[in-house]
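First the structure, in the form of structure tokens, and then the observations on it.
The values are calculated or read from the model by the stated rules, or taken from the named source; none is laboratory data. Every value quoted in this text rests on a predicted model; they were computed, and no experiment measured them. Cβ placement follows ideal geometry from the backbone for every residue including glycine, while neighbour counts extend to all protein chains displayed. These accessible areas exclude ligands, DNA and RNA; they are computed on the full protein's heavy atoms, side chains included. Shrake-Rupley method; radii C 1.70, N 1.55, O 1.52, S 1.80 Å.
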Amino acid sequence: MMYWQKDIETLNREDLEKIQLERLKKTIELAGHSSFYQKVFEENGITPNSILSLEDLQKIPFTTKDDLRNNYPFGMAAIPIKDCVRIHSSSGTTGNPTVVLHSSKDLEQWANQVARCMYMVGIRDTDVFQNTSGYGMFTGGLGFQYGAEKLGTLTVPAAAGNTKRQIKFIQDFGTTCLHIIPSYATRLAEVMYEIGIDPRKDTKLHTVCIGAEPHSEEQRRRIEQLLGVKAYNCFGMSEMNGPGVAFECTEQNGLHIWEDYVIVEIVDPVTLKPVPEGEVGELVLTTINREAMPLIRYRTRDLTCILPDKCPCGRTHKRLARFKGRSDDMIILKGVNIFPIQIEKILMQFKELGSNYLITIETFGNNDEMLIEVELSDLFTDDYSVLQSLAKDITRQLKDELLLTPHLKLVAKGSLPSQEGGKAIRVKDLRKFV
């Protein structure tokens, strides 16, 4: 069996859209019980009966992260707080955090959604699944934990960090699958090799689920080569529950987004108008299977497109292309729009380089300059002439990709800060904006 829920995963488009419309109407009715959406619907004349087709969704204004912050903590709740059983939230480093509420039913549906994703990439109840994500308010830990338990795997809630303990668990417990952040996956592999463990021979690892930070195809292939596994890209966000919103299948050709849980739109991030299928735009999502805190037309800020072709796996739910970046982490330098993942894509092509890098943007005089520091592989030479030649080659390729010339600095392995399980800090923008 290659499907967790074959009838849903392979449903024809007509029947799938019927389910979406039915659930959208119920969602509109439920969301109207929240103080936030009650006002939005009254101002725009929205009722469940005014939604006659999926296209009518566009009558409703977008919801943004600021709306969640401005209605902190419970202004978005659609059911009484006494009927909610869990809160997740963002870090809230600037102002109020974004809070997401869950009912018991929401948690059951979320667990099933994650189990569906894990089953799709070949994880079974005979596997040992180790979760290296943080638990607590961060959704990556508990989201995968409940999904793995729903699937029936033996779970190892290792949480983030403590790399040598992670390795001990992998070996002692016979871990076969990991959930891990891409930058930490390469760090984990590096530590293994440093202490004399070849994960391709000395562990039972065969599958890793990677996500939570942008990464290139080159980074994915490096992880696969280092650990001797298949690495599958996953997408989630706390506003949409957490992990499990979309996931690659074994074809590794786009992320299936579960349309019985969300309605997908791709819009131009400037005009906010829909873009044609296959064109890159901002991902907008509407929950249609959540009761505690439904979100309608939520602007994710993630840039992607819908892949037009059918997937050979037989699943009919739409597929999202690899994320290009976010509409709010784009770097504008000397009039050029740059996403960090463009830089990573170039760096990861050079076997002489390690996986850790840092982009610093700073103003000198009246000019903004970009410095890219990247660690060398410990297998590489310290011959100056060879290093100089390598730096020139990398700089040339970066210039061709970015349309400007950054300053490149090759540094020794271990020179840059490494992350023990948390998201890697890739960009430091030290410019002063007045």
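Quick check: anything in the stretch 169-178 in contact (Cβ under 8 Å) with a residue 40 or more places away in the chain and more than 26 Å from the chain's Cα centre (by Cα)? Give the derivation first.
Within the stretch 169-178, the first condition is being in contact (Cβ under 8 Å) with a residue 40 or more places away in the chain, and the residues that meet it are 170, 173-178.
Filter again for more than 26 Å from the chain's Cα centre (by Cα), leaving 173-174.
There is at least one residue in the stretch 169-178 that is in contact (Cβ under 8 Å) with a residue 40 or more places away in the chain and more than 26 Å from the chain's Cα centre (by Cα).
Scan the stretch 162-174 and tell me whether some residue there is open to solvent by less than 10 Å² (accessible area, probe 1.4 Å), closer than 20 Å to Tyr3 by Cα and not in a loop (DSSP other than H, G, I, E, B).
no
How many residues are open to solvent by less than 10 Å² (accessible area, probe 1.4 Å) and either acidic (Asp, Glu) or over 21 Å from Asn233 (Cα atoms) (or both) when one looks only at the stretch 261-286?
Count: 3.
Filter the helices (runs of 4 or more DSSP H) completely within the stretch 3-69 down to those with at least 1 residues that are under 20 Å from Asp260 (Cβ atoms) and not hydroxyl-bearing (Ser, Thr, Tyr). Give the steps one after another, and end with the answer.
On the way: elements: 6-9, 13-31, 35-44.
Where helices (runs of 4 or more DSSP H) fall fully within the stretch 3-69 and carry at least 1 residues being under 20 Å from Asp260 (Cβ atoms) and not hydroxyl-bearing (Ser, Thr, Tyr), they are 6-9, 13-31.
Search the stretch 262-285 for residues that are closer than 27 Å to Glu22 by Cβ and pair each with any residue that is surrounded by fewer than 19 Cβ atoms within 10 Å (Cβ to Cβ) and basic (Lys, Arg) when their beta-carbon atoms are under 7 Å apart and the residues are at least 6 apart or on different chains.
Between residues of the stretch 262-285 that are closer than 27 Å to Glu22 by Cβ and residues that are surrounded by fewer than 19 Cβ atoms within 10 Å (Cβ to Cβ) and basic (Lys, Arg), the close pairs are Val267/Lys273; Glu282/Arg301.
Just the residues that are in a loop (DSSP other than H, G, I, E, B), at pLDDT 95 or above and open to solvent by 10 Å² or more (accessible area, probe 1.4 Å), please, taken from the stretch 79-118. Full working, then the answer.
First, pick out the residues of the stretch 79-118 that are in a loop (DSSP other than H, G, I, E, B): 79-80, 84-85, 90-98, 103.
Next, only the ones that are at pLDDT 95 or above stay: 79-80, 84-85, 103.
Within the stretch 79-118, Ile79, Pro80, Cys84, Val85 qualify.
Go through the stretch 285-313 and report how many residues are within 19 Å of Lys273 (Cα to Cα) and assigned to a strand (DSSP E or B).
11
If we keep just the residues of the stretch 390-426 that are of a type in the set (A, V, I, L, M, F, W, C), surrounded by 14 or more Cβ atoms within 10 Å (Cβ to Cβ) and within 27 Å of the chain's Cα centre (by Cα), which is modelled with the highest pLDDT? Walk me through it before giving the result.
We begin by selecting, within the stretch 390-426, every residue of a type in the set (A, V, I, L, M, F, W, C); these are 390-391, 394, 398, 402-404, 408, 410-412, 416, 424-425.
Now restrict to residues that are surrounded by 14 or more Cβ atoms within 10 Å (Cβ to Cβ): 390-391, 394, 398, 402, 404, 408, 410-411, 416, 424.
Then drop every residue that is not within 27 Å of the chain's Cα centre (by Cα), which leaves 398, 402, 416, 424.
Details: Leu398: 95, Leu402: 91, Leu416: 91, Ala424: 78.
The residue in question is Leu398.
Scanning the stretch 119-132 for residues that are part of a loop (DSSP other than H, G, I, E, B) and touching a residue at least 40 places away in the same chain (Cβ under 8 Å), which turns out most open to solvent (accessible area, probe 1.4 Å)?
In the first step, residues of the stretch 119-132 are kept if they are part of a loop (DSSP other than H, G, I, E, B); the result is 121-127, 132.
Narrowing the set further to residues that are touching a residue at least 40 places away in the same chain (Cβ under 8 Å) leaves 121-123, 127, 132.
Working: Val121: 7, Gly122: 34, Ile123: 0, Asp127: 14, Thr132: 5 Å².
Among those that are part of a loop (DSSP other than H, G, I, E, B) and touching a residue at least 40 places away in the same chain (Cβ under 8 Å), it is Gly122.
So Arg220 fits all but one of (1) without any contact (Cβ under 8 Å) to a residue 60 or more places away in the chain; (2) under 20 Å from the mean Cα position of the chain (by Cα); (3) over 25 Å from Gly242 (Cα atoms); what number is the exception?
(3)
Sort out which residues of the stretch 356-382 are open to solvent by less than 10 Å² (accessible area, probe 1.4 Å) and among the small types (Gly, Ala, Ser), and write them in order of number.
Within the stretch 356-382, none qualify.
Is it the case that the stretch 51-60 has a residue that's under 26 Å from Pro243 (Cβ atoms) and modelled with pLDDT of 95 or more?
Taking the stretch 51-60 first, the residues under 26 Å from Pro243 (Cβ atoms) are 54, 57.
Pick out the ones that are also modelled with pLDDT of 95 or more and you get 54, 57.
Taking every residue of the stretch 51-60 in turn, at least one turns out to be under 26 Å from Pro243 (Cβ atoms) and modelled with pLDDT of 95 or more.
Is it the case, given these coordinates, that Ser53 is without any contact (Cβ under 8 Å) to a residue 60 or more places away in the chain and open to solvent by less than 60 Å² (accessible area, probe 1.4 Å)?
For Ser53, the condition - without any contact (Cβ under 8 Å) to a residue 60 or more places away in the chain and open to solvent by less than 60 Å² (accessible area, probe 1.4 Å) - is met.
Give me the residue from the stretch 255-310 that is of a type in the set (Ser, Thr, Tyr) and under 18 Å from Phe323 (Cα atoms) and, out of that set, farthest from the chain's Cα centre (by Cα).
Restricting to residues being of a type in the set (Ser, Thr, Tyr) and under 18 Å from Phe323 (Cα atoms), the top hit is Tyr298.
Please find, among Arg23, Arg69, Arg13, the residue that is within 24 Å of the chain's Cα centre (by Cα) and either exposed (fewer than 14 other Cβ atoms within 10 Å of the Cβ) or among the charged types (D, E, K, R) (or both). Spell out how you get there, then give the answer.
Working: Arg23 fails: within 24 Å of the chain's Cα centre (by Cα); Arg13 fails: within 24 Å of the chain's Cα centre (by Cα).
Answer to the check: Arg69.
Looking at the stretch 334-355, which of its residues are crowded, with 18+ Cβ neighbours inside 10 Å and either free of Cβ contacts under 8 Å to residues at least 40 places away in the same chain or in a strand (DSSP E or B) (or both)?
Within the stretch 334-355, Ile338, Leu353, Gly354, Ser355 meet the criteria.
Considering only residues that are farther than 18 Å from Val262 by Cα, open to solvent by less than 20 Å² (accessible area, probe 1.4 Å) and at pLDDT 95 or above, which ones fall in the stretch 287-328?
Matches in the stretch 287-328: Cys311, Cys313.
Taking the condition out of contact with any Ser or Thr (no Cβ under 9 Å at 6 or more places or on another chain), of a type in the set (S, T, N, Q) and assigned to a loop (DSSP other than H, G, I, E, B), does Thr316 pass?
The answer is no for Thr316.
Has the stretch 183-193 got at least one residue that is more than 23 Å from Glu375 (Cα to Cα) and either open to solvent by 20 Å² or more (accessible area, probe 1.4 Å) or of a type outside the set (Ser, Thr, Tyr) (or both)? Please lay out each step first, then the result.
Quick first cut of the stretch 183-193, residues more than 23 Å from Glu375 (Cα to Cα) only: none.
The answer is no; no qualifying residue exists.
Looking at (1) over 24 Å from Asp83 (Cα atoms); (2) surrounded by 15 or more Cβ atoms within 10 Å (Cβ to Cβ), can you tell me which one Phe41 breaks?
So Phe41 meets the others, but not (1).
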